[in-house]
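Here's the structure, in structure tokens; my notes come after.
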Amino acid sequence: RKEVEQDPGPFNVPEGATVAFNCTYSNSASQSFFWYRQDCRKEPKLLMSVYSSGNEDGRFTAQLNRASQYISLLIRDSKLSDSATYLCVASGGKLIFGQGTELSVKP
Amino acid sequence: NAGVTQTPKFQVLKTGQSMTLQCAQDMNHNSMYWYRQDPGMGLRLIYYSASEGTTDKGEVPNGYNVSRLNKREFSLRLESAAPSQTSVYFCASDEPLNTEAFFGQGTRLTVV
């Protein structure tokens, strides 16, 4: 079993839709959590960090539930440019990535 | 501002050949990582180095060796390449726990 697991994709949604990605981690010693975005097998880039109190950046909201060892990402009002693979990351000193969830936003 | 520089960008090897992937970062980060990415598998950690002089195995270390030459450089060596090592390899660096990790542009390796 992978240490970080994500919803299987792909997610195909129309423009303007709200889409949610979920992720679970098994290492209770994990202390930091992130969502990364990857376009077309290019290098991943940080989308946002995830905090226990939840955090929002424009159309993106991330949540962390330490008790359930669960992380989520909500994208509101999806844009064509949001099409990418979203990677969940947990860190207890080393960065462990989930397998990624592919999002395709259609006109 | 270079960030993380990885070389080479592309490589084709014959089975049994050896090669070293080079990675250097100019952000004074303590931690460095090597990942491989295969379709549907996300990024899997091969080896990481929490600080200069230390290295540790990740999820898929078999068939690889690493060297943390100094704080800036972290190399990955394939001693005897196998077709199963065909993949995209990414190097990354960060300061542990709290900050953004930065990635190199990747090395696309094919073993025939």
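Only residues that are within 28 Å of residue A:29 (Cβ to Cβ), hydroxyl-bearing (Ser, Thr, Tyr) and open to solvent by less than 10 Å² (accessible area, probe 1.4 Å): list them for region B:88-112, please. B:89, B:93, listed by residue number.
Every residue in region A:47-66 that is in a strand (DSSP E or B), in contact with a Phe, Trp or Tyr (Cβ under 9 Å, 6 or more places away or on another chain) and open to solvent by 50 Å² or more (accessible area, probe 1.4 Å), please. Write out each step before concluding.
From region A:47-66, those in a strand (DSSP E or B) are A:47-50, A:55-57, A:60-65; that's our starting set.
Remaining after also requiring in contact with a Phe, Trp or Tyr (Cβ under 9 Å, 6 or more places away or on another chain): A:47-50, A:60, A:62-64.
If the condition is that a residue be in a strand (DSSP E or B), in contact with a Phe, Trp or Tyr (Cβ under 9 Å, 6 or more places away or on another chain) and open to solvent by 50 Å² or more (accessible area, probe 1.4 Å), then A:63 is the only one that fits.
Are any residues in region A:67-103 open to solvent by 20 Å² or more (accessible area, probe 1.4 Å) and over 18 Å from residue A:24 (Cα atoms), and if so, which ones? Across region A:67-103, the qualifying residues are A:76, A:77, A:79, A:80, A:81, A:83. Taking the condition outside any loop (DSSP other than H, G, I, E, B) and either more than 8 Å from chain A (Cβ to nearest Cβ) or closer than 15 Å to residue B:4 by Cβ (or both), does residue B:44 pass? Criteria not met by residue B:44.
Scanning region A:21-56 for residues that are more than 18 Å from residue A:96 (Cα to Cα) and either at pLDDT below 90 or among the β-branched types (Val, Ile, Thr) (or both) returns A:40, A:52, A:53, A:54. When A:59, A:76 are screened for being in contact with a Leu (Cβ under 9 Å, 6 or more places away or on another chain), charged (D, E, K, R) and modelled with pLDDT of 95 or more, only A:59 passes. In region B:87-112, the residues that are facing another protein chain (nearest Cβ under 7 Å) reach residues that are modelled with pLDDT of 95 or more and open to solvent by 60 Å² or more (accessible area, probe 1.4 Å) with C-beta atoms within less than 6 angstrom, at least six apart or across chains, in these pairs: B:88/B:108.
Determine if region B:27-35 includes at least one residue that is aliphatic (A, V, I, L, M), over 23 Å from residue A:6 (Cα atoms), out of contact with any Pro (no Cβ under 8 Å at 6 or more places or on another chain) and open to solvent by less than 30 Å² (accessible area, probe 1.4 Å). Working first, answer last.
So the first thing to find is which residues in region B:27-35 are aliphatic (A, V, I, L, M), and the list is B:27, B:32.
In the following step, the residues that additionally are over 23 Å from residue A:6 (Cα atoms) were identified as B:27, B:32.
Narrowing further to those that are out of contact with any Pro (no Cβ under 8 Å at 6 or more places or on another chain): B:27, B:32.
So of that shortlist, the ones also open to solvent by less than 30 Å² (accessible area, probe 1.4 Å) come out as B:32.
Looking through region B:27-35, at least one residue is aliphatic (A, V, I, L, M), over 23 Å from residue A:6 (Cα atoms), out of contact with any Pro (no Cβ under 8 Å at 6 or more places or on another chain) and open to solvent by less than 30 Å² (accessible area, probe 1.4 Å).
When restricted to residues that are under 14 Å from the mean Cα position of the chain (by Cα) and more than 11 Å from every other protein chain (Cβ to nearest Cβ), region B:47-67 contains 9.
For region A:8-26, a residue qualifies if it is away from chain B (no Cβ under 12 Å), surrounded by 13 or more Cβ atoms within 10 Å (Cβ to Cβ) and outside any strand (DSSP E or B), and the qualifying residues are A:17, A:26.
Mind checking whether some residue in region B:2-16 is in contact (Cβ under 8 Å) with a residue 40 or more places away in the chain, outside any loop (DSSP other than H, G, I, E, B) and touching a helix residue (DSSP H, G or I) at 6+ places or on another chain (Cβ under 9 Å)? Yes, the conditions are met somewhere in region B:2-16. Restricting attention to region A:91-100, does a residue exist that is modelled with pLDDT under 95, of a type outside the set (Lys, Arg) and within 24 Å of residue A:16 (Cα to Cα)? Yes, that holds for at least one residue. Taking each residue of region A:80-101 that is at the interface with chain B (Cβ under 8 Å from one of its Cβ atoms) and charged (D, E, K, R) and looking for partners that are in a strand (DSSP E or B) and surrounded by fewer than 22 Cβ atoms within 10 Å (Cβ to Cβ) with beta-carbon atoms closer than 9 Å, six or more apart or interchain, yields A:94/B:45; A:94/B:56. Within region A:28-53, residues that are more than 10 Å from chain B (Cβ to nearest Cβ) reach partners that are part of a loop (DSSP other than H, G, I, E, B) with beta carbons closer than 6 Å, at six or more positions or on different chains, in the pairs A:29/A:92. Checking the stated criteria, residue B:70 turns out to be more than 14 Å from chain A (Cβ to nearest Cβ), over 17 Å from residue B:35 (Cα atoms) and open to solvent by 10 Å² or more (accessible area, probe 1.4 Å).
The values are calculated or read from the model by the stated rules, or taken from the named source; none is laboratory data. What you are looking at is a predicted structure, and each value in this text was computed from that prediction instead of being measured. Here the Cβ is made from the backbone with ideal geometry for all residues, glycine too, and neighbour counts use every protein chain on show. Heavy atoms of the whole protein, side chains included, go into the accessibility calculation; ligands, DNA and RNA do not. Shrake-Rupley method; radii C 1.70, N 1.55, O 1.52, S 1.80 Å.
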